[in-house]
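As structure tokens, the structure follows; a few thoughts come after it.
What follows is calculated from the coordinates using simple rules that are stated; it is not laboratory data. This one's a predicted model, so the numbers in the text were calculated from it and none came from an experiment. Quick reminder, even Gly has a Cβ in these numbers, built from the backbone with ideal geometry, and neighbours come from all protein chains shown.
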Amino acid sequence: FSGSAGFSTKGLQLDGVKNIVAIASGKGGVGKSTTAVNLAVALAKKCQLKVGVLDADVYGPSVPTMMNLHGEPEVTEDRKIVPFQNYGVKCMSIGFLVPKDSPLVWRGPMVASALEKLSRGVDWGNLDILVVDMPPGTGDTQITISQRLQLTGVLIVTTPQDVALIDARRGVTMFSKVEVPILGIIENMSCFKCPNCGHPSYIFGNGGARRTADEMCLDYLGEIPLEIDVVKASDEGVPLVVSAPDSSVTKGYNDLAQKL
Ligand code: ADP
């Protein structure tokens, strides 16, 4: 993939949806889905916006677990899927349409048609913002979403260490080539504060995302600390912005929501 020829993005808008913001990362496991759901809930609760989440990570959907939504969605008379809703956010994921433990063994074109169904085939109603949780990397899904949906922009999530930052740069370069505006970079797991003495430890390094943003002339949108409670909250299906409204993680996501 060495140029934008053939990859121009003139995606179509979704009926009733004002903005579509993709949450992307180069590497997996950096907290992209965590950011997508917490940011979505922050946008709904703190900014009083009408928000949806589209889980575009069809090979590893996390949204059903993180938002505690399960079951089979209903279909409207005009054959649109009715999204589930929790914490004030409408959600759609392939996880609602296939059995929980069965892997998807799909080639690119099947993924593309699934993404079409999960986006345009859904009765989203009126939304101020649809947050799209992308899979990691720079593959089929990223290109399909960029081409088919008119993205307002993409937010890049990274952790501070070089192996994540190098892939984050790849993501930035790819989205630039397909002409999707980069809204900025956010650093997750930036610092761990000892719950006993408050001493900060920069487990994965210090300031890497800010440096990368500066070098690439992108906005640095802030950092989210590493906190044990995030994992429990995700696994239990209650985003931390709901279960711990006063935590520094929640503050980070509320600040991010207000910057968008
Ligand atoms: P990705 O979508 O990038 O693969 P996830 O959002 O699934 O990453 O997060 C990977 C794991 O890291 C999950 O177990 C999640 O709970 C945990 N995690 C994410 N962000 C944080 C954080 N700030 N502090 C602690 N754990 C986190």
Can you tell me, using C-alpha contacts under 8 Å and at least 6 residues apart, the relative contact order of region 1-145 as a whole percent? 40 percent
Considering the chain as a Gaussian network with a 10 Å cut-off on Cα pairs, which listed residue, 110, 92, 66, attains the greatest mean-square fluctuation? 110
Taking amide H atoms as placed 1.01 Å from N in the peptide plane, list the residues 5 or more away in sequence, or in a different chain, whose amide H sits under 5 Å from that of residue 182. 154
Lys, Arg +1 and Asp, Glu -1 on Cβ, resulting dipole of region 123-228 about Cα centre, debye, nearest 20: 220 debye
Going by how many other beta carbons lie within 10 Å of each one, how would you line up 49, 104, fewest first? 104, 49
Residues with amide H under 5 Å from that of residue 20, placed H, sequence gap 5 or more: 130, 152, 153
Given a cut-off of 25 Å, name the pairs among 46/232; 50/117; 45/259; 50/177; 90/117 whose C-alpha atoms lie farther apart than that in the structure shown. 50/177
With a cut-off of 8 Å between alpha carbons and a minimum separation of six or more residues, what is the relative contact order of region 17-259 in percent? 27 percent
Taking the Cα centre as origin and putting +1 on Lys and Arg beta-carbons and -1 on Asp and Glu beta-carbons, what dipole magnitude results for region 17-259, to the nearest 20 debye? 320 debye
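Determine, from the Cβ-Cβ distance of residue 48 and residue 202 and an R0 of 41 Å, the FRET efficiency 1/(1 + (r/R0)^6), rounded to the nearest 0.05.
For R0 = 41 Å, the calculated efficiency reads 0.75.
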For residue 53, distant residues with modelled amide H under 5 Å away: 90, 91, 92, 131
Inter-probe distance in nm under a simple model that places probes 7 Å from Cα toward Cβ, at residue 77 and residue 113: 2.8 nm
Sites residue 216 and residue 101 - FRET efficiency at Förster radius 41 Å, r taken between beta-carbons, to 0.05: 0.55
Mind checking which of 135, 172, 37 is farthest towards the positive end of region 17-259's charge dipole, using Cβ charges of +1 (Lys, Arg) and -1 (Asp, Glu) about the Cα centre? 172
Jot down the radius of gyration and Dmax of region 17-259, Cα atoms only, both in angstrom. 17.1, 58
Run through every distinct alpha carbon pair of region 147-260 and return the Kirkwood hydrodynamic radius in angstroms, one decimal place. 15.1 Å
Per-residue Cβ neighbour rank within 10 angstrom, fewest leading, 169, 107, 120: 107, 120, 169
With each pseudo-label sitting 7 Å past Cα toward Cβ, what's the residue 15-residue 236 distance in nm, one decimal? 4.0 nm
Taking chymotrypsin sites (Phe, Trp or Tyr not before Pro) in a DSSP loop with at most 15 other Cβ atoms within 10 angstrom as exposed, one finds the longest site-free stretch of the chain at 107-201
